[in-house]
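Q: Could you have a look at this structure, given as structure tokens, before my questions?
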Amino acid sequence: MAVVSSPTLTFQALERHEVPNALKSSAGLQDPISRSKPGSLSEDRYLVISPYDEKPHLLDLETLDKPNQLLARALLVLKCLREDYATAPYVETFNWQGIIDSLRELAKTSNYTWKEESFYIVVFRSQVPPETVAHYSDLGLLDKAAHAEAVESGGFLKYWFGEPDKNGRNLATCVWRSSRDAEIGSIGPKHRVAANAARHMYTEWKIERLRLLVKDDLRGWEIHQWVD
């Protein structure tokens with residue numbers, strides 16, 4: 001997929017428009033698990049699927065069918081294996097075999113016979129200019145608000161992101177139940193604000209769409225380009 005280069009817009013210009021409202025709305029998301037009432041959240045029902053552990057960011061397993069529940073749990077063991085994740089081949093960047101091994105154990109424990117399933121992966125590669133780095137925490141708040149919105153839309157199984165390397169390059173990725181879920185999750189107002197910031201504040205960005213195919217009885221798996 002072609003790399004998209006965009007003229008940068010100063011953070012001050014964005015601050016005068018969409019950013020203040022988005023940052024204000026994100027303040028309402030500060031409801032971490034640790035401050036929840038005892039017994040109000042069940043670890044058997046809700047999963048922390050991202051670096052954000054506040055209540056609006058948790059995945060409700062009761063909204064998913066069995067294979068998606070199992071994969072969401074297996075994705076808890078996702079680990080980045082390389083320091084050059086921003087530019088490395090995607091499949092080599094994470095412990096996918098370990099995830100499938102965990103999925104196999106979970107299916108066995110649940111006495112579930114796995115049938116072939118496909119899942120939707122989005123990969124976001126970006127580069128920020130030096131003047132943007134100082135405002136990276138503000139970009140993070142926009143991302144956080146968009147994440148809660150996407151979780152609420154449904155089917156969001158996992159989210160991971162790194163930190164910019166010395167050249168400002170970074171990687172973020174998410175796993176969805178389906179491409180349709182991802183489409184719905186990307187049209188909310190908070191996601192639009194975050195996407196607008198990406199277009200104007202990154203010097204370069206690229207989106208890849210991949211398919212995770214997990215075969216019958218978990219005998220194999222593969223990740224390849226998504227084709228509609």
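Q: List the residues, sorted by chain then number, that are 5 or more residues from LEU157 or on another chain and whose placed amide H is less than 5 Å from its amide H.
A: Distant-sequence amide H within range of LEU157: VAL175, TRP176, ARG177.
Q: In whole Hz, what ³J(HN,Hα) sequence does the stretch 195-210 give by Karplus (6.51, -1.76, 1.60; θ = phi - 60°), x for Gly and Pro?
A: 5, 5, 4, 4, 5, 9, 9, 8, 6, 7, 7, 8, 10, 10, 10, 10
Q: Let me ask you something else. Give the lysines whose C-alpha is closer than 29 Å to that of LYS115, dropping any in the same chain fewer than 8 places away, or say none.
A: By straight Cα distance, LYS115 reaches LYS66, LYS79, LYS158, LYS215.
Q: Taking a point 7 angstrom from the Cα of ASP216 along the C-beta vector, which residues in the stretch 95-122 have backbone N less than 17 Å away?
A: 112-118
Q: Still on this structure: What residues from the stretch 201-228 fall in the zone where the backbone N is under 15 Å from a label point 7 Å along the Cα-to-C-beta line of THR113?
A: 216-219
Q: Using the beta-carbon distance between ASP53 and ALA172 and R0 = 25 Å, what value does 1/(1 + (r/R0)^6) give for FRET efficiency, to the nearest 0.05?
A: 0.90
Q: By per-residue mean of other Cβ atoms within 10 Å, what is the highest-first order of 115-122, 196-203?
A: Ranking, from highest mean packing down: 196-203, 115-122.
Q: Would you kindly derive the ³J(HN,Hα) couplings of the stretch 213-225 from the backbone phi angles with the Karplus curve 6.51 cos²θ - 1.76 cosθ + 1.60 (θ = phi - 60°), listing them in order in whole Hz, with x for Gly and Pro?
A: Each residue of the stretch 213-225 in turn: 10, 10, 7, 3, 6, 6, 6, x, 8, 7, 10, 8, 4 Hz.
Q: For THR63 and GLU105, what is the calculated FRET efficiency with R₀ set at 30 Å and r taken between the beta-carbons, to the nearest 0.05?
A: Computed FRET efficiency for THR63 and GLU105 comes out at 0.85.
Q: Which length gain, in nm to one decimal place, applies between PHE124 and LEU76 when the Cα-Cα distance is subtracted from 0.36 nm times their residue separation?
A: Extra length from PHE124 to LEU76 when fully extended: 15.3 nm.
Each value in this text was obtained by applying a stated rule to the coordinates, not by laboratory testing. Keep in mind that this is a model prediction, so the values were computed, not measured. Counting neighbours? That spans all protein chains shown, and the Cβs are built from the backbone with ideal geometry, glycine included.
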